Structure formats: C-alpha cells, structure tokens
Amino acid sequence: MKPRHKRIALIVGGLVVLGIAAMLVLNAFQSNLVFFFSPTQVAAGQAPVGKSFRIGGMVKEGSLARQADGVTMHFVVTDTDKEMTVAYQGILPDLFREGKGVVAQGKLGDGGLFTASEVLAKHDENYMPPEAAKAVGDAHQRAAANKAAAEAASKTIKQ
Amino acid sequence: MTERVINWFKYASPQTFYPLAGRLIPWFWALAALFGAAGLTIGFLLAPTDAQQGEGYRIIFLHVPASWLSMFIYLVMAFWAGIGLAFNIRLSGMMASALAPTGALFAFLSLWTGALWGKPMWGTWWVWDARLTSELILLFLYIGFIALQAAIDDPRRADKAGAILALVGVVNIPIIYFSVKWWNTLHQGASVSLTKAPSMAAMMLWGMLLCALGCWMYSIAIALMRVRTIMLERERHTDWVRSLLDDKG
C-alpha cells in the first residue's frame, strides 16, 4: 500500500465514521431540534408541561376574533386533525392570514387555552402572481362545488 | 489519448495555472456581469408581484443565490482540500484557501438577507430553527477555516489542518439542505429541487436562476484572482515567480 492510498483510505474511513456519528447524534437530538409542536402532538402529551413552547399549524378560517377587552385576539390553530385556541395580545405579522401557517410561542393554560407571547407567520414555498393565486383558488372552489354536486347527485340516486 | 490526460494534469502546477487563470478571469467577470444584469432585470422589472408577500419577496433574488452558493462553495472547497490532503498537490490547498472568503461572504449575505426578509414576513429577525442555526454554523465553519489557516505559519501544515476541518464540516451541508424536511422549522420548504417541479412562477424562477449563475461566475472570477495572489505569495522564492516579477519590473 502506497502512503497516498493509505491517506485516501484514512480520509474516506474518517468521513464514513463521522457521517455515522452525525446521524446518531441527530437522531438522539431529534426531539430537541423540533421548532414547534402540532396540535396533535400537544393533544398526545408530547409538548413540555408548565414550560413555554411553540405550536404550529394553520389558522382556522373564520376563527380570528377580537375579545371584549379590545386588545386580546383569539384564533384557532389546526393541523386538520386536532385544534387549539390561542390567545395573543400584540401586533400580528403582516402575513398572518386565516387559512395560512402560523407559529406561536407561549404556555398552555389549564383550560386548554394557549396564551402566546409571540406569534410568527409561516408562509409556504409557493410564489405566484395574484392572478395565478386567484385562478388556483377558483379552481379549488370549483372542485369543491363539483364534489358537493356529485355527492348530492349520488345521494338522490341512492334514494 | 494519454497525451490529453497529461495535458490536464499540467495545470496542477502553479507555474502553468497562473497564466491560465489570468486568461480566464476576464471571461468569468464578463459572464458574471451578463448573468447578474439579466437576472436583476428580470427579478426587479419583469417578474410579477407575489400573491402573498407583495413586492417584499424580491429579496429572494439575492437570498436564494447567496444560500445556494454558500453551500456549493463549501463543497468545492472541501473537495479541493481533500484532494490536497490525499495527493499532496500544492495548488489544491491554495484553491481551498482562495474559496473560503467568498463562501463566508455568501453565508453572511444569506443570513443577512434572510433576517431582512424574516422581519416583515414572519415577524422576527431571527429564530433558532434548524435551517437558520445550521446556516449560522456554516458561517462559523468558514470563519474557523480561515482563522485556523491564518494561525499556522507553515503553509503546508496550514493546508493540512484546514483540510481536516473542511472535511469534517461537510457533514453540515446535508443538514442545512434537508433541515426543512427533517424537522418542523419556521423556514419554508424548498421551492426548487431536483425531485419535483418548481413551485414558482416561471419568470420569478428565471430571474432567480440567472442571479444564481451570476453569483457563481463571480465566485469563480474572484477565487481565481485570489488564488493567483496566494500563488505569488507562497511561491515567491521559486524561479518562475522571480522571472515573472523580473519581466514585469
């Protein structure tokens, strides 16, 4: 074995060992690297109790409501399976929209109400002009309408 | 056939690579200017407004190329460092040293533009999510590489120590790239990837790709310029540098 081959073998061997070590470490840290918990994870008791943590999900359509005191906002965060109500006092980010992603940091109260100290908007990776977005939205609505019509039709046939 | 192979290896010596790099540099500058101008024109004048983010999304035309280049340059740097370590080629070590500052610049730009983008869109300059944190570690790796090489006087030992650091740091690159897939992060997933169709309007995508090409060509041009000065500095006691300087002086 020439010294050069020995060096190459050492480098390759070192990189393989390092890669495996990194994989094991990342695996061990898996839960700590999570930036936020989904409502389903919170419902399953995976979120820390009594400590501040972040929840993430979609803002449920039509759930944003200003409370009687005039400064507190309530909205529902959903991952389409489980839901959580969030209370927040402060300015919501520009991209905060109903039906869009959100990450909120705060504590879970006794009544299941999540009191947030910070609310961040999480946008998706899609970039398109407004006309295209409208076309996509319209297509979704048409698809939903078609589906509803088809279901109604199948019901009438069954009857 | 064998002659051709030998021809390529000829350029592994600083003496022959120095004039070649000098001839290539103006071409890469020209390409960088061309792609950069085309990309920015499309990005700022022709690409449509984004439905969600309005005009603010246009920082993408610097943010994404900077992030791509920061990761890509690291891989190239580690590749040259590894070749230098394995085959004891002087030029490889010099290439690695020449790439590091440009890589650090792009890593910094990526973090900086990301912060400027994050404040209006997400509502925060910085969060410790996996994507942002691993990119910050990349910047530290670049700075560590530069500092380590600067701390060792003997260039060959500096190359070796730097190469080991660069190779160990390669582990971080897949972590940055896949962090948005592996963990819940505030940063959104990839808009452009090899495995699926890009989720961007065509004009936005073209602007971004052209800007990335411009940054790439800039990186090559500036790295070649830097490697030329490193060559002169390290080989100043050799005959070819002396005769080169005599010719000029």
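With the requirement that a residue be touching a His at 6+ places or on another chain (Cβ under 8 Å) and crowded, with 18+ Cβ neighbours inside 10 Å, what does the stretch B:180-217 give you?
Hit for the stretch B:180-217 is B:Val180, nothing else.
I want to confirm something. Restricting to the stretch B:202-216 and keeping residues that are more than 20 Å from A:Ala132 (Cα to Cα) and among the aliphatic types (A, V, I, L, M), which single residue is farthest from the other protein chains (Cβ to nearest Cβ)? Even if it seems obvious, please write down each step before you answer.
As a first pass, look at the stretch B:202-216 and keep what is more than 20 Å from A:Ala132 (Cα to Cα): B:209-216.
Still in the running and among the aliphatic types (A, V, I, L, M): B:209-210, B:212-213.
Details: B:Leu209: 13, B:Leu210: 16, B:Ala212: 15, B:Leu213: 19 Å.
Across the stretch B:202-216, the extreme among qualifying residues is B:Leu213.
Residue-wise test of (1) within 14 Å of another protein chain (Cβ to nearest Cβ); (2) at pLDDT 95 or above.
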| position | (1), (2) |
| --- | --- |
| B:Phe9 | no, no |
| B:Leu31 | no, yes |
| B:Thr49 | yes, no |
| B:Gly54 | yes, no |
| B:Pro65 | no, yes |
| B:Phe72 | no, yes |
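Pairs only if they're at least six apart or on different chains, beta carbon under 7 angstrom, first in the stretch B:75-97 and farther than 26 Å from B:Glu135 by Cα and in contact (Cβ under 8 Å) with a residue 24 or more places away in the chain, second aromatic (Phe, Trp, Tyr) and crowded, with 18+ Cβ neighbours inside 10 Å; list them, first residue then second.
B:Leu91/B:Phe17
Can you spot a residue in the stretch A:102-117 that is surrounded by 14 or more Cβ atoms within 10 Å (Cβ to Cβ), of a type in the set (D, E, K, R), under 18 Å from B:Asn184 (Cα atoms) and at pLDDT 85 or above?
Filtering the stretch A:102-117 for residues surrounded by 14 or more Cβ atoms within 10 Å (Cβ to Cβ) gives A:102-108, A:113-116.
Subset that is of a type in the set (D, E, K, R): A:107.
Still in the list and also under 18 Å from B:Asn184 (Cα atoms): none.
Within the stretch A:102-117, none of the residues are surrounded by 14 or more Cβ atoms within 10 Å (Cβ to Cβ), of a type in the set (D, E, K, R), under 18 Å from B:Asn184 (Cα atoms) and at pLDDT 85 or above.
Any idea which of (1) more than 14 Å from every other protein chain (Cβ to nearest Cβ); (2) modelled with pLDDT under 85 is the one A:Ala87 doesn't satisfy?
Status for A:Ala87: all satisfied but (2).
Here is a check on your reading of the model: is A:Ala22 of a type outside the set (Phe, Trp, Tyr), closer than 20 Å to B:Lys181 by Cα, in a helix (DSSP H, G or I) and not assigned by TED's automatic domain parsing to the domain that holds A:Ala133? Before the answer, list the steps.
Numbers: of a type outside the set (Phe, Trp, Tyr): yes; closer than 20 Å to B:Lys181 by Cα: yes; in a helix (DSSP H, G or I): yes; not assigned by TED's automatic domain parsing to the domain that holds A:Ala133: yes.
Yes.
Scanning the stretch B:91-123 for residues that are surrounded by fewer than 18 Cβ atoms within 10 Å (Cβ to Cβ) and not aromatic (Phe, Trp, Tyr), which turns out nearest to the other protein chains (Cβ to nearest Cβ)?
Selected residue: B:Pro120.
Which residue, of A:Lys134, A:Lys158, is surrounded by 11 or more Cβ atoms within 10 Å (Cβ to Cβ) and either more than 9 Å from chain B (Cβ to nearest Cβ) or at pLDDT below 85 (or both)? Walk me through how you get there before you give the answer.
Details: A:Lys158 fails: surrounded by 11 or more Cβ atoms within 10 Å (Cβ to Cβ).
Exactly one residue qualifies, and that residue is A:Lys134.
Are any residues in the stretch A:98-117 under 15 Å from the mean Cα position of the chain (by Cα) and either part of a strand (DSSP E or B) or at the interface with another protein chain (Cβ under 8 Å from one of its Cβ atoms) (or both), and if so, which ones? Break it down into steps so the answer makes sense when it comes.
Pass one, the stretch A:98-117, residues under 15 Å from the mean Cα position of the chain (by Cα): A:98-105.
Result: A:Lys100, A:Gly101, A:Val102, A:Val103, A:Ala104, A:Gln105.
Of everything in the stretch B:124-135, what is at the interface with chain A (Cβ under 10 Å from one of its Cβ atoms) and hydrophobic (A, V, I, L, M, F, W, C)? Give them in sequence order.
B:Val127, B:Trp128, B:Ala130, B:Leu132, listed by residue number.
From the list B:Met204, B:Met217, exactly one residue is farther than 30 Å from A:Ala121 by Cβ, assigned to a helix (DSSP H, G or I) and of a type in the set (A, V, I, L, M, F, W, C). Which is it?
On the way: B:Met204 fails: farther than 30 Å from A:Ala121 by Cβ.
After ruling out the rest, the residue left standing is B:Met217.
Here is a check on your reading of the model: is A:Asp124 of a type in the set (Asp, Glu), loosely packed, with under 15 Cβ neighbours inside 10 Å, within 14 Å of chain B (Cβ to nearest Cβ) and in a loop (DSSP other than H, G, I, E, B)? Please lay out each step first, then the result.
On the way: of a type in the set (Asp, Glu): yes; loosely packed, with under 15 Cβ neighbours inside 10 Å: yes; within 14 Å of chain B (Cβ to nearest Cβ): yes; in a loop (DSSP other than H, G, I, E, B): yes.
Against the criterion (of a type in the set (Asp, Glu), loosely packed, with under 15 Cβ neighbours inside 10 Å, within 14 Å of chain B (Cβ to nearest Cβ) and in a loop (DSSP other than H, G, I, E, B)), A:Asp124 qualifies.
Just to be sure, is B:Ala147 among the aliphatic types (A, V, I, L, M), within 13 Å of chain A (Cβ to nearest Cβ) and farther than 20 Å from B:Ile25 by Cβ?
Working: among the aliphatic types (A, V, I, L, M): yes; within 13 Å of chain A (Cβ to nearest Cβ): no; farther than 20 Å from B:Ile25 by Cβ: yes.
So B:Ala147 fails the test.
Away from chain B (no Cβ under 14 Å), under 19 Å from A:Lys107 (Cβ atoms), in contact with a His (Cβ under 7 Å, 6 or more places away or on another chain) and assigned to a loop (DSSP other than H, G, I, E, B) - does that describe any residue in the stretch A:39-60?
Of all residues in the stretch A:39-60, those away from chain B (no Cβ under 14 Å) come to A:43-45, A:48-51, A:60.
Applying the additional criterion that residues be under 19 Å from A:Lys107 (Cβ atoms) yields A:43-45, A:48-51.
Pick out the ones that are also in contact with a His (Cβ under 7 Å, 6 or more places away or on another chain) and you get none.
No - not one qualifying residue is present in the stretch A:39-60.
Go through the stretch A:6-38 residue by residue and tally those that are within 23 Å of B:Leu132 (Cβ to Cβ), more than 7 Å from every other protein chain (Cβ to nearest Cβ) and at pLDDT 85 or above.
Residues in the stretch A:6-38 being within 23 Å of B:Leu132 (Cβ to Cβ), more than 7 Å from every other protein chain (Cβ to nearest Cβ) and at pLDDT 85 or above: 2 in total.
Among (1) more than 14 Å from every other protein chain (Cβ to nearest Cβ); (2) crowded, with 17+ Cβ neighbours inside 10 Å, there is one condition B:Phe44 misses while meeting the rest; what is its number?
(2)
For (1) closer than 30 Å to B:Thr49 by Cβ; (2) under 17 Å from the mean Cα position of the chain (by Cα); (3) loosely packed, with under 13 Cβ neighbours inside 10 Å; (4) modelled with pLDDT of 80 or more, each residue gets a yes or a no:
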{"residue": "A:His74", "(1), (2), (3), (4)": "no, no, no, yes"}
{"residue": "A:Ile91", "(1), (2), (3), (4)": "yes, no, yes, yes"}
{"residue": "A:Phe96", "(1), (2), (3), (4)": "yes, yes, no, yes"}
{"residue": "A:Met128", "(1), (2), (3), (4)": "yes, no, no, yes"}
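Show the residue pairs that are 6+ apart or on different chains and have beta-carbon atoms under 9 Å apart, the first residue being within the stretch B:226-249 and under 15 Å from B:Gly93 (Cβ atoms), the second being of a type in the set (Lys, Arg) and modelled with pLDDT of 90 or more.
Between residues of the stretch B:226-249 that are under 15 Å from B:Gly93 (Cβ atoms) and residues that are of a type in the set (Lys, Arg) and modelled with pLDDT of 90 or more, there is no close pair.
Within the stretch B:177-201, how many residues are within 13 Å of chain A (Cβ to nearest Cβ), in a helix (DSSP H, G or I) and touching a residue at least 12 places away in the same chain (Cβ under 8 Å)?
Residues that pass the stated criteria total 3.
The values are calculated or read from the model by the stated rules, or taken from the named source; none is laboratory data. Worth saying up front: this structure is predicted, and the values here are computed from it rather than measured. Positions of Cβ are generated from backbone atoms using ideal geometry, with glycine treated the same way; all protein chains shown enter the neighbour counts.
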